[in-house]
Amino acid sequence: MGEPAFGAPRVRRIAGRALRLRCPRCGRSPLYAGWFHMHERCAACGLRYEREQGYFVGAIYVNYAVTVAVAAGTVLVLDWTFGLTLTAQLVIGIALGALVPVVFFRYARSLWLGLDYLVTTADERRERQRSAPR
């Protein structure tokens with residue numbers, strides 16, 4: 001039957017591939033050809049990365065959540081430890097709000113692709129088990 005669809009080793013393996021910006025299925029091929037240009041499919045296993053128009057909208061939400069967490073968290077921690085002025089808080093918050101999404105863009109897409117691969121293959125496994133003769 002193989003390993004469970006959401007088993008810890010499988011989740012760690014797919015998350016590790018996402019953080020290394022590799023194909024979630026095989027982990028052999030890089031996702032990106034340049035800083036912002038993503039390959040259409042995996043060169044090794046053929047997994048298509050963008051399934052349809054708007055597929056990566058969820059990655060925008062991931063990127064936004066990380067940006068808010070980093071920017072707000074950094075400003076709050078610095079204010080708590082050093083007592084920043086309002087101007088310093090705004091400068092740091094706006095700078096991080098502009099920088100983090102650009103830096104995290106590739107990782108947000110990669111994590112979204114990995115999550116989709118994890119959930120989609122889990123659904124496909126369940127469907128095969130239901131339709132398999134007993």
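The values are calculated or read from the model by the stated rules, or taken from the named source; none is laboratory data. Everything numeric in this text was worked out from a predicted model, so none of it was measured. Positions of Cβ are backbone-derived with ideal geometry, glycine not excepted, and every protein chain shown enters the neighbour counts. Protein only, heavy atoms only, side chains kept; ligands, DNA and RNA dropped before computing areas. Shrake-Rupley method; radii C 1.70, N 1.55, O 1.52, S 1.80 Å.
Checked against (1) basic (Lys, Arg); (2) loosely packed, with under 15 Cβ neighbours inside 10 Å; (3) in contact with a Cys (Cβ under 7 Å, 6 or more places away or on another chain), Arg25 passes all but condition (2). From the list Tyr64, Tyr107, Tyr55, the lone residue that is open to solvent by less than 40 Å² (accessible area, probe 1.4 Å) and not aliphatic (A, V, I, L, M) is Tyr55. For Glu50, the conditions (1) crowded, with 16+ Cβ neighbours inside 10 Å; (2) within 15 Å of the chain's Cα centre (by Cα) are fulfilled apart from (1). Of all residue pairs spaced 6 or more apart or on separate chains, none has beta-carbon atoms under 8 Å together with a first member in the range 65-92 that is in a helix (DSSP H, G or I) and a second member that is exposed (fewer than 13 other Cβ atoms within 10 Å of the Cβ) and not acidic (Asp, Glu).
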